[in-house]
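What follows is a set of notes on a single structure, which appears directly below.
The values are calculated or read from the model by the stated rules, or taken from the named source; none is laboratory data. Everything numeric here is computed off the predicted structure, so don't read it as measured data. Cβ coordinates were reconstructed from backbone atoms using ideal geometry, including for glycine residues, and neighbour counts include every protein chain displayed. With ligands, DNA and RNA removed, areas are computed over all heavy atoms of the protein, side chains included. Shrake-Rupley method; radii C 1.70, N 1.55, O 1.52, S 1.80 Å.
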Amino acid sequence: MTLVLVILLLASFTFYLWFLWTVWRGLGHLSKPADAPPRYVSVVVAARNENSTVKRCLESLLDQDYSSDAYEIIIVDDHSTDGTLNIATDTAAAQTKTKISAISLREEHKLGGKPNAIARGIQHARGDIIFCTDADCIVPRQWIRSMSGCFEPSVAFVAGPALEIPSASIVSKLQSLEFLGLMTTAAGLIGYGKPIICSGANIAYRKSAFLQASGYGDQGSSCDDETLMQRILTRNIGHVVFNDDPEATVVTSSPASLRVFWQQRTRWAAKRDRYENPMILWKLILLYSFFGVFFLTVIAALFEPTLWFLVVPVFLLKSTGDFLVLQRGAQMWRQRISLPHFLIAELLHVPYISLAGLIAQFTSMRWKGRTLEK
């Protein structure tokens, strides 16, 4: 049994190191926005129970360094129960320049989740390019200009950076560090030409590409922005690029509690059957196998001390590779990494991924009080 664990760990760790190398290499091939004349775009924001953040989000969208007659804002209220729609409607009524449309799904009995809300917004969109962010996010003044500048003729989908702003607690800081790692990984894989993940808080795509890819399809509410991005690439609809401009960084607060954090991350991990390209699923399985095998090896080392001679070097090499990649992402987006926080995160990384990935396959997905379809 010990020999089997050693072989599996070495094999899976080799794949993990290769994965880190692809991310590192991809970070050197990201898209930079070019100066381009303003084109009309539609910003679609899905909101559910965001009464404390939606006004701030809309204000940041209105305060764009972009011609006010060259974009519209469509806010889609997804069955909110906290007055989100009223705030959005009042904000729209007070606006005299940029057009804001507030759409309510309250009369719809089908609870399709965020993808359905975005799709409804796109039905009303007049722009050839769709921008999406979340109602709990703040976008920078250069956001539309920067993301628009990445749309060369062959580009159909642009992903941009998003960061979580931590509170004073160490738990929040660790959550934000983990999110920075996800964003760095997303950017690197897109730059490498093998996109797997992106943040729906900062994306833009051609409306024609959305329609050609059949939108979010009919696979339930877990078919999301990442699925759309992968479909566009798999079906050869257009190129997918990542905008590395720090001036395009969208920010949001880190999850308010460990419970919310856990629900969010397990929801992200539960999309096992949403990949048209089977290679994506196999890569994720191989990647997860490293964490699972490493976790089992650490447990086995408690009973077989000789395994520590393998566990410790693997941990040190993994931590070094993780730090080098994460540091590169942090420099791109003007962030600083706290070494003590990084070391704590590394100690938690393997058990966290192992347990979250496993539990996500057997539990229902929850989002803002709603059970989502898989």
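Quick notes
- For region 1-56, applying the loop criterion from DSSP together with a ceiling of 15 other beta carbons within 10 Å to the chymotrypsin sites (Phe, Trp or Tyr not before Pro) yields Y40.
- Take the chain with all the other protein chains still there, run a 1.4 Å probe, and you get 46 Å² of accessible area per residue.
- Residue with peak Gaussian network fluctuation, the chain [Cα springs, cutoff 10 Å], from K32, K97, K207: K97
- Per-residue 3J(HN,Hα) values for region 191-200, derived from phi via the Karplus relation 6.51 cos²θ - 1.76 cosθ + 1.60 with θ = phi - 60°, read x, 6, x, 10, x, 10, 10, 7, 9, x Hz in sequence order (x marks Gly and Pro).
- Potential lengthening between L286 and D65 on full extension [0.36 nm per residue; Cα-Cα distance subtracted]: 75.2 nm
- For G149, net neighbour charge (Lys/Arg +1, Asp/Glu -1) across residues whose Cβ lies under 13 Å away: -3
- The string of couplings for region 59-71 from the Karplus curve (6.51, -1.76, 1.60, θ = phi - 60°) is 5, 5, 6, 6, 8, 8, 7, 7, 4, 5, 9, 10, 7 Hz, one whole number per residue in order, with x for Gly and Pro.
- Residues whose placed amide H lies under 5 Å from that of S104, excluding near-sequence neighbours: D77
- For the chain, carbon and sulfur atoms together expose 61% of the accessible surface, with a 1.4 angstrom probe and every protein chain in place.
- Legend: residue pairs K173/K318; K32/K173; K55/K207; K32/K114, Cα-Cα distance threshold 24 Å; pairs beyond threshold, K32/K173; K55/K207; K32/K114.
- Inter-label distance, nm, simple model (7 Å from Cα along the C-beta direction), H29/L316: 3.3 nm
- Dipole moment magnitude, nearest 20 debye, the chain about Cα centre, only Lys, Arg, Asp, Glu C-beta charged: 380 debye
- Mean Cβ neighbour count within 10 Å, used as a protection proxy, ranking 348-355, 156-163, 306-313, 48-55 highest first: 156-163, 48-55, 348-355, 306-313
- Separation in nanometres of the label points that stand 7 Å from Cα toward Cβ, at L355 and F323: 2.6 nm
- Residue list for region 118-142, given a label point 7 angstrom along the Cα-to-Cβ vector of L211 and an amide N cut-off under 13 Å: 122-130
- As an equivalent ellipsoid, the chain spans semi-axes of 37, 22, 20 angstrom, where each value is the square root of five times an eigenvalue of the C-alpha gyration tensor, largest first.
- Amide H contacts of Y71 (H built 1.01 Å from N, under 5 Å, at least 5 apart or other chain): V41
- Computed label-point distance, nm, for sites R235 and V260 using a 7 Å Cα→Cβ extension: 3.5 nm
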